[in-house]
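The values are calculated or read from the model by the stated rules, or taken from the named source; none is laboratory data. Quick caveat, the model's predicted, so the values are computed rather than measured. With ideal geometry, Cβ positions are generated from the backbone for all residues, glycine too; neighbour counts draw on all protein chains shown. Surface accessibility is based on the protein's heavy atoms, side chains included, excluding ligands, DNA and RNA. Shrake-Rupley method; radii C 1.70, N 1.55, O 1.52, S 1.80 Å.
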Amino acid sequence: MNQDLEKLIAEALTNKSLLVVEDTSSSRMLVAGLLRGLGATRVVAAVDGVDALAKIQAQHLVPDVVLCDWVMPNMDGLELLTRLKADYPAVKFIMMTVKTEAEAVILARKHGVDGYVAKPFSRESITAALAKVLGIAVG
Amino acid sequence: MTAWRQAPVVADAVAAELARDLDPEDLSQILDAFRVDIGSRAGELAMALAGGHVEPAQRAVHSLKGAALNLGFFRLGQMCAHLQQLAQTGDLAAIVVLWPEFAATCNDSLGRLGHSGLAFEIDSSIVRP
Ligand SMILES: [Mg+2]
């Protein structure tokens with residue numbers, strides 16, 4: 001991985017708050033751990049869309065970047081995307097998904113998704129998605 | 001159809017990557033959580049099969065697939081991908097037939113997590129091929 005890019009990401013992440021939304025605990029912890037490894041210091045985790053909205057309201061803290069699973073019980077990623085973009089249009093929303101089918105991508109784009117991370121996750125793919133939504137030029 | 005059988009229980013390359021990219025304490029907590037995920041998702045699948053419920057069966061294998069592939073547990077992840085396809089077509093009977101192999105694959109994965117001997121006796125008794 002491009003070390004300059006990782007340095008820029010680390011700098012950009014120091015004053016950003018991130019929200020990870022994923023129903024499977026090991027995957028949720030993995031993403032949070034990878035984000036911390038990239039330099040994020042403020043990472044909140046939620047188990048589904050309902051939990052995510054509750055945490056945003058309870059902490060009065062609108063995240064700068066949301067990394068969200070697509071398939072979740074109670075409230076899925078697409079609904080959370082729609083609600084967040086309606087209330088907080090500045091939030092950058094990254095969908096983490098195996099749904100790379102054209103139809104799903106078009107649907108998410110229509111709802112304002114800012115980036116994708118395809119499963120399985122890696123430091124590289126998360127770095128690339130963060131660079132995109134944070135406006136950091138790659139290479 | 002049975003490509004998962006050729007897949008490694010754990011891909012060394014992914015394990016090495018995770019060890020490089022994560023704080024050791026984070027990694028050990030993540031693997032602990034994965035151990036719990038295997039048990040709970042397998043339990044959910046067993047319940048779904050016993051009740052003939054397609055939707056929760058599909059959710060359980062979808063979730064476990066993602067968790068396993070993320071951590072390089074390719075055999076389990078690929079088998080779950082296959083089971084998910086079966087669930088999508090509503091063919092729970094085919095999943096029941098594969099249950100013993102699924103349970104064995106879960107146990108192989110648990111073994112690699114240092115938790116061998118955690119069998120699925122209870123859940124297996126729910127699932128009657
Ligand atoms: Mg999920």
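A few notes on this one:
- About the centre of its Cα atoms, the protein assembly as shown shows a dipole size close to 340 debye [charges on the beta carbon of Lys, Arg (+1) and Asp, Glu (-1) only; nearest 20 debye].
- Region A:106-122 - phi-based ³J(HN,Hα) in whole Hz, Karplus 6.51/-1.76/1.60, Gly and Pro as x: 4, 4, 5, 5, 4, 8, x, 4, 9, x, 10, 10, 7, 6, x, 6, 8
- Environment charge of B:ASP108, counting only residues whose C-beta is closer than 14 Å and scoring Lys/Arg +1, Asp/Glu -1: +3
- Interchain or long-range residues, amide H under 5 Å from A:TYR116's placed H: A:MET95
- Local net charge near B:MET79, Cβ-Cβ under 9 Å (Lys/Arg +1, Asp/Glu -1): +2
- Put a dot 7 Å past the Cα of A:ARG42, heading toward its Cβ, do the same for B:ASP108, and the two dots end up 4.6 nm apart.
- Close amide H pairs (under 5 Å, H built 1.01 Å from N) link A:MET75 with A:GLY49, A:VAL50, residues at least 5 positions away or on another chain.
- Remark: relative contact order (chain B) = 32 percent; criterion is Cα-Cα distance under 8 angstrom and separation of 6 or more residues.
- Neighbour cut-off at most 14 other Cβ (10 Å), DSSP loop, GluC sites (Glu not before Pro), region A:1-106: A:GLU101
- For chain A, built as a Gaussian network whose Cα springs stay under 10 Å, the top-fluctuating residue of A:GLY39, A:GLY49, A:GLY77: A:GLY39
- Between region B:16-56 and region A:1-36, the C-alpha centres lie 21 angstrom from each other.
- Close amide H pairs (under 5 Å, H built 1.01 Å from N) link A:VAL44 with A:LEU18, A:LEU19, A:VAL20, residues at least 5 positions away or on another chain.
- Accessible surface of B:TRP4 - all protein chains present, 1.4 Å probe, nearest 10 Å²: 10
- Accessible surface comparison of A:LEU53, B:LEU76, probe 1.4 Å, protein chains only, largest first: the order is A:LEU53, B:LEU76.
- Cα gyration tensor shape of chain B, rounded if a/c is under 1.5, else prolate or oblate by comparing a/b with b/c: prolate
- Gyration tensor (alpha-carbon) shape descriptor, the protein assembly as shown, a/c threshold 1.5: prolate
- Working note: Debye formula, equal point scatterers on the alpha-carbon atoms of chain A, no solvent; log10 I(q)/I(0) at q = 0.10, 0.11, 0.17, 0.19 Å⁻¹ is -0.28, -0.34, -0.86, -1.10.
- Using a probe of 1.4 Å, the accessible surface attributed to A:ASP48 totals some 10 Å² when neighbouring protein chains are kept in position.
- Net charge in the neighbourhood of A:ASP64 (other residues with Cβ under 13 Å of its Cβ; Lys, Arg +1, Asp, Glu -1) is +2.
- Bridgeable aspartates and glutamates around A:LYS7 (alpha carbons under 14 Å apart, same-chain partners fewer than 8 residues away excluded): A:GLU124.
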